[in-house]
Amino acid sequence: MAWADLPSKLRLYIGLLVCSAIPILLWAGIKLSKGGYDSRWLILLAVALVTIFCFLHLPHFKAAITVGDSYIMAIAMIYGTAPCVIGTFVYILIISIVSQKPKVYAHRVAFNVASTTCGAWIYSSIYQSIHQFSAKPIDIVVPAALLTLSFFLFNSISTSTAIAWSSDESVFRFWAKTCVPLSMDYSLSGMCAAVMAVLYQWLGSWAAFAAIPIIGIVWGWNQINKSRVAEAQDHLKEQEQLYLRTVESLALAVDAKDQTTYGHIRRVKIYAMGLAKLCGIREPDELRAIETGSLLHDIGKIAIDDYILNKPGRLSKKEFEKIKVHSIAGDEILQQVRFPYPVAKYVRSHHERWDGLGYPDGLKGEDIPLGARILAISDAFDAIRFSRPYKLPIGKDEAAEILRNQAGTVYDPHLVDIFTKHIDELEQAALKESENAPQLSFRKYSETSEPDIATKTAKSSLDIPAELIQLTELCSTISGHLRLNDVLSILAQRLKALVPYSTCAFFICNSENKISATYVSGMFSESLQNREMEVGKGISGWVAAHKRPMINTGPALDFQGTPGESQFSFSDTLVVPITKEDECLGTLSLYGQDPISYTENHLAVLQTVANVIAPLFADAANEDSKTSSDTIDPVTGLCRISYLAAVGPQLISAAAENRTPISLIYIEIRNLPQIVRNFGSNLADSVFKKIADSIKPELRESDILVCYGAQGFVVFLPGVRDDQALRCAQRLKQQIRGNRPTIGQGFSIDCQIGISFYPKDGATILSLLHSAQENLRSGILQKFTLDTNVIDFYRA
C-alpha cells in the first residue's frame, strides 16, 4: 500500500517511531565512537547477514522470523545496548530492502528499521539492567527469558498495530490470532542467543561459529514441524474450497431455475461478506455462516412454481403468499445439512423487516439475527440494482437512495448507512465476481433450444386469411403518406376482423425508457389513451424489454395505477413486440373482456401485423427525434411544409392512378409581423396557435395540416372536389371566427384564404401551392378580418 493510501493514524504512528529511533541511533553511534566496546560484535553481525535468507515466514504477516534474529539478540547479551542498536539497524535495513524487491516502499523500510531499532534499545537495556555475570542457571535463564519476552512483545505488537490499522482491523484481535501462536518461534531465537552467550564465556568470538550446528538442528527441527503443520493447513484449505464449490454448485441449481437472476448469488455473496467485515465481524464461523447463507439464501425457491418466479409485474396476493414459502423451505432444506454455524437461521430470516412486518416469523429490530439483516440488505440491493422479470436495472445511486429511504422500516438503519457509504467499492468487487461466474452450457442450450413462438406459429398458419393480405397491402400503400395515428386508426378497425379483442392499444417506446399508448381503440380507450409505463413493468412493458410475446396472461398488470382501474374487467391479453433491426419500437397489445383464450394462429397474425407496421413506428420515432425547427413548428406542434413536400408526391401519384381529386387550401395571416411589432412575439405566437387550433376540428384524419413559413398554413385534402373544398373553406372561416384570439381594442387580424385544385391548377405540391397563393392575391376567393369586437367577411 502506498504512503498516500495509508490511514492518517498509521502515518502518524510511523512518524512517531522514526522520530523515536533517530535519537536512539545517534546515542548508539556516539557511544561506539567513544570506544570501550569489543569490536568482535561485528563477527556476530556478519554471520547474521550471511544467514539473511534463512527465515521463517509468518502466515498472515508481511514479516518473517529469521535465523539472524538469534545473533542480534546474542549481541545484546554479550556486547551491550549500543552494538545491539547499530547491529539491528544495519541488519533490518538490508533485510527490508532485500525482502521487498523488485519494488521497495520507503515507508515500509522506515517502519521496519525504526520499530526494530526502538525494540533493540528496549530489550537490550532490560537485559543489561538485570544481567549478572554468573554461571548460575538462574542468572542466565531469567535475563534471557526477559529479553526474549520483551523482544517478542515489542516487535509483534508494533507490527500488528501497523498491519491491523492498514486493514482497519482490531489490533488485539489481529495480534492474538497471528502472533501468539508464533511465540514458540521467538522463544527458539532467544534460546539460541542464550546458548551463544554461554559458549562465549568458554570460546570467545568462536562462539558464533560453534553455535551454528546447534542453531541449525533447532531451526531444522522447527521447520520440519512447521512444514507438517503447513501441509495439514493446505489440506484443510483444499477441503474448505471443495466444500465452498459444493455450496456454489448447489446455489447454481437455484440460479438455473430463475435464469433472469444469473450472477445474483455471487454478487450477493460479495455484498454480504464486505458488509460483514465492515461491521467488524471477524469470527471465522460467523463469516462462513454469512458466506454460505448468501450463496444459499434462495435455495427454497426450488419449491416455488416457475411461472411465479418469472412473472412480469407485481405478484397477486395469492402468488405472493406462495413465494413467501421459499424462506421456510430454505430453512428446512439447510437444517438437513447440519452446518456447524447458523446458516439455516439466516436463510429463514433474510426477509424479516426492521419494523416487524416481514416474514415468516415477524421478527423486529435486533431480534432479527445480524447475519440475516446483512443478507437482507445485500439481497435487496442486488434485486433493486439489476434486472428482474418485472423490471429493468436502475442506477447505483438510485438503488442506494431506495435503501436509505427504507432504512429504519425495512432494513437495519446502521447497516444501511455502512453499506451505502462503501457502495462503490462493494459494487466494483461484486461486478468483478459476477464476471467470473461459470458460463454453463445448459444456459445457452436452454436459450437456443426453446421453441421460437413466431416460427412455430407461422408454420401452423399456412392458410393466411385474405383480410390479412389486404391489411398488409393497405399498410404498404399508406406507409409514409398518412400520420401514424391515422394509420393506427385504420389498422385497429381492420384488425378486429382478424383477431378478437375488446381493446386494442399501440404502445410506442420513447426516449425516457417508457412506453406510451399512442393510439387506443375499443373499451375504456379514453382512460387508456396516452397511458405510460416503464419498460420492463407490466405485460406490455415486459414484452418491450425482452422483445418476446406474451399470450393469455392476466392483463391487470398493464392497468395498475390507472384512474378507474377497478372498472377494467379484462380477462385475457395478447401482446407482441414491434421490432426493427433488433430494436423494440413498441408493442401491439390486445385485451379481451370476455375469456378469449388466444390461439397460436392469433399470435401469428398479430406478429405479421407487427412486422408490417414496424417501418411506420420507425419513421415515427425518427420524426420524434427531429424535434428541431427543421421539421416541427414549436408553437403549434404541426409539421412544417417540408413534411408535405415529402409525402405529397406519393399522394398525388396515387390520385393520378386512381383518378381521384385533390384540393389545397392556403391560409395566410397577412399582418402577423405587425402584431409582433406592436404586441410582442408571445402574443403573436398565441394568435398563430389559436388559429391552428381552430382549423384542426374541421379536418378529417386523412387530411394534412402543416405550417407554411411563420404566418401561414396549408391544408391538403386528398379526395376532395372543388365544391367540397369551398365548403371546407367556409367552415374554416366560421371556426376561426368562433375562436378569435383577443389582442387589443380596435385591432384587426388580417386573414386571407386561397384554394387550388388538382389537376386543374397544378400537378405538384409546389404548383398547387403557387396557384392557391395567386388565387388569394387575385381576389378570386375570400379575404376576411378578425376584430376583437366583430368579425367582417367581404369580397376582395
**Q.** Within segment 579-602: backbone nitrogen closer than 19 Å to the residue 532 label point (7 Å, Cα to C-beta)
**A.** 585-587
Q: Would you kindly state how much longer the chain becomes between residue 366 and residue 750 on full extension, computed as 0.36 nm times their sequence separation minus their alpha carbon distance, in nm to one decimal?
A: 130.4 nm
Q.
Between residue 571 and residue 525, what is the label-point separation in nm under the 7 Å Cα-to-beta-carbon projection?
A. 2.4
Q: For residue 653 paired with residue 409, estimate the spin-label separation in nm (one decimal), with each label point 7 Å from Cα along the Cα-to-Cβ line.
A: 6.1
Q.
Could you tell me the calculated FRET efficiency between residue 168 and residue 238, based on Cβ-Cβ distance and R0 = 25 angstrom, to the nearest 0.05?
A. 0.25
(Q) Using the crude model of +1 on Lys and Arg Cβ and -1 on Asp and Glu Cβ, and no other charge, please compute the dipole size for segment 655-711 relative to its Cα centre, in debye to 20. (A) 200
Q. Nearest 0.05, what FRET efficiency do residue 485 and residue 693 give at R0 = 22 Å with Cβ-Cβ as r?
A. 0.80
Q. Between residue 317 and residue 37, what is the spin-label point distance in nm, taking each point 7 Å from the Cα along the Cα→C-beta axis?
A. 8.8
Q) Too long at a 22 Å Cα-Cα cut-off: which of 317/496; 301/547; 269/301; 322/345; 277/345? A) 317/496; 301/547
Q) Between residue 396 and residue 660, what length comes free when the chain is fully extended (0.36 nm per residue of separation minus the Cα-Cα distance, one decimal in nm)? A) 89.1 nm
Q. When ranked by the protection proxy of mean other Cβ atoms within 10 Å per residue, highest first, what sequence do the peptides 335-343, 418-426 form?
A. 418-426, 335-343
Q) If Lys and Arg each add +1 and Asp and Glu each add -1, what is the summed charge of the other residues whose beta carbon sits under 12 Å from the beta carbon of residue 427? A) -1
Q. Taking the Cβ of residue 503 as the center, what net charge do the other residues with Cβ under 13 Å away carry, scoring Lys and Arg +1 and Asp and Glu -1?
A. -2
(Q) If packing is taken as the average number of other Cβ atoms within 10 Å across a peptide's residues, how do 163-173, 595-605 rank, most packed first? (A) 595-605, 163-173
Q) Among 117-126, 321-330, 147-156, 354-363, how do they line up from the highest to the lowest mean number of other beta-carbon atoms within 10 Å? A) 117-126, 147-156, 321-330, 354-363
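Bear in mind that the values in this text are calculations on the coordinates, not laboratory data. Bear in mind that the values here come from a model prediction, so they are computed numbers and not experimental data. Here the Cβ is made from the backbone with ideal geometry for all residues, glycine too, and neighbour counts use every protein chain on show.
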